[in-house]
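For reference, the structure discussed in these notes is given below.
The values are calculated or read from the model by the stated rules, or taken from the named source; none is laboratory data. Please read all numbers here as calculations on a predicted model, not as lab measurements. We place every Cβ from the backbone using ideal geometry, glycine too, and count neighbours over all the protein chains shown. To get the accessible areas, we keep the full protein, side chains included, count just its heavy atoms, and leave off ligands, DNA and RNA. Shrake-Rupley method; radii C 1.70, N 1.55, O 1.52, S 1.80 Å.
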Amino acid sequence: NHPFTNSPVYFAYDSAVVGAAFDPVIQSLAEYINNNHSYYLTVNGHSDERGSEEYNRALSEKRALAVKSELMAQGVPEGRINTVGYGEETPAATGNNADAYAKNRRAEFEVFSK
C-alpha cells in the first residue's frame with residue numbers, strides 16, 4: 001500500500017473543482033510520484049447516486065481529470081497519470097443522507113509500477 005490510499009480528494013455537490021483544502025494532498029502525491037520514477041498513478045473519480053448513471057459517470061471522469069490537471073501543474077508528466085470515472089458504481093458509504101453523499105463525491109488514488 002502506498003501512503004495515499006486513504007487520502008481521497010472530496011468534491012462539492014455537482015462540482016469537479018479541486019478545493020484548496022486538498023492542495024497538500026496533491027502536492028505530496030506529486031512529490032511522491034516525481035521522486036519515484038518507476039511509479040505511475042491512476043486517479044479514480046466517483047460520484048454520489050443522485051443524477052442519472054450517464055451524468056454521474058461523466059462527472060466522475062471530470063473529477064479524475066481535474067485531479068490529473070492539478071498533479072500535472074505540480075510537474076507530474078501526463079503519461080504517468082491514468083484516469084477512470086466510475087460514477088456511482090463503487091460508493092465509499094451507503095445511505096441516502098448528506099454524510100454518505102459527501103463521502104462518495106471523491107477521487108481516489110492507485111499508485112503502481114510498470
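Please find, among V25, V43, the residue that is under 17 Å from F109 (Cα atoms), of a type in the set (A, V, I, L, M, F, W, C) and part of a helix (DSSP H, G or I).
V25
Checking M72 against (1) part of a helix (DSSP H, G or I); (2) closer than 20 Å to A12 by Cβ: exactly one of these is not met. Which one?
The number of the failed condition is (2).
Does N36 fit the bill of being under 15 Å from F112 (Cα atoms), open to solvent by less than 30 Å² (accessible area, probe 1.4 Å) and among the polar types (S, T, N, Q)?
no
Got at least one residue in region 1-17 being of a type in the set (V, I, T), open to solvent by 40 Å² or more (accessible area, probe 1.4 Å) and out of contact with any Cys (no Cβ under 9 Å at 6 or more places or on another chain)?
yes
Considering only residues that are among the hydrophobic types (A, V, I, L, M, F, W, C) and either touching a Phe, Trp or Tyr at 6+ places or on another chain (Cβ under 6 Å) or at positive phi (or both), which ones fall in region 1-40?
Scanning region 1-40 gives F4, V9, L29, I33.
Checking F109 against (1) more than 11 Å from the chain's Cα centre (by Cα); (2) under 20 Å from E61 (Cβ atoms); (3) among the hydrophobic types (A, V, I, L, M, F, W, C), only one condition comes out false. Which one?
It is condition (1) that F109 fails.
In region 43-63, which residue that is in contact with a Gly (Cβ under 6 Å, 6 or more places away or on another chain) and not acidic (D, E) is most open to solvent (accessible area, probe 1.4 Å)?
Per the criteria, the residue is R57.
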